[in-house]
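Enquirer: I have a structure here, written as structure tokens, and I will follow up with some questions on it.
Bear in mind that the values in this text are calculations on the coordinates, not laboratory data. Since the structure is predicted, the reported quantities are computational estimates derived from the model, not experimental observations. When we count neighbours, we look across all protein chains shown, and the Cβ atoms used for this are built from the backbone with ideal geometry, even at glycine.
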Amino acid sequence: MQLFNRITLLLFFAVMALNASAQWKKGSYYDVSGNKNTGLIKRDEQHILYKPTKKDKEIKLTAAEINGFMVDKDSFRVSRAPVFGQPVIVQVLTNGPTKIYVSRPLVKKFSKGSMIGGLLGGETGAEIGGHAGALKSYNGYYYGQDENSLATITMQNFVDITSTIMADKPKVTAKIKDKTFRYGDMDELVIFYNTGVEPSLID
């Protein structure tokens, strides 16, 4: 039952992300010169679609043509860090001196099985979705003082990195160190850190 609940929760996050990416939302983007442009924004893979008003024609802007954008309360930056080798859109998950970022390539090219496998990762992902390595290719988590100085968060350094970044909230770090939260629980961990509300469906 716990596994079923976990799958349900993660699929809910995936569907919400897909729905959000398919909708026009009020927001703004910054071009490479730092100029702010406000209007309607929709993300599609590694570019955004922008139009000043509903009646205007949409403009396609690649990651290389912008520095970042905001929709609702979500902040996205374009990282030109060496770890990527090309401009990549990353979402800012935490807002301390050292931040956590995530790269979320859209899943429309994945099969249902590989999407589930990617969300769960590891042996569980292989068992359910038949794609043990999908987690790394679907969501990539990074840390750094800014988007251009990123390093990868891995299963090996997860405890050290996240407990250091989240050290201002001892209740959170305690649950990292006792393995309540693991590498595959990054989204749930960020929710707990940012809101103080622990997702109830974590094993």
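Enquirer: Between D74 and A151, what FRET efficiency follows from the Cβ-Cβ distance if R0 is 30 Å, with the result rounded to 0.05?
Expert: Computed FRET efficiency for D74 and A151: 0.85.
Enquirer: Decide, for segment 155-203, between rounded, prolate and oblate: order the square roots of the alpha carbon gyration tensor eigenvalues as a ≥ b ≥ c, take rounded if a/c falls under 1.5, and otherwise choose prolate if a/b is larger than b/c, else oblate.
Expert: Note, shape of segment 155-203 comes out oblate.
Enquirer: At 7 Å along Cα-to-Cβ for each site, give me the label-to-label distance between E65 and T94 in nm.
Expert: Reported label-point gap for E65 and T94 is 3.5 nm.
Enquirer: On to the next question. Which one, A64, G39, Q86, projects farthest toward the positive side of the charge dipole computed for segment 29-88 from Cβ point charges (K/R +1, D/E -1)?
Expert: Of the candidates, G39 comes out farthest on the positive side.
Enquirer: Taking 22 Å as the cut-off for C-alpha to C-alpha distance, list the pairs among K73/K99; K26/K54; K25/K169; K36/K57; K25/K51; K73/K171 that go past it.
Expert: Over 22 Å apart, Cα to Cα: K25/K169; K73/K171.
Enquirer: Still on this structure: Roughly how big is segment 155-203's charge dipole about its Cα centre, with Cβ charges of +1 (Lys, Arg) and -1 (Asp, Glu), in debye to the nearest 20?
Expert: 160
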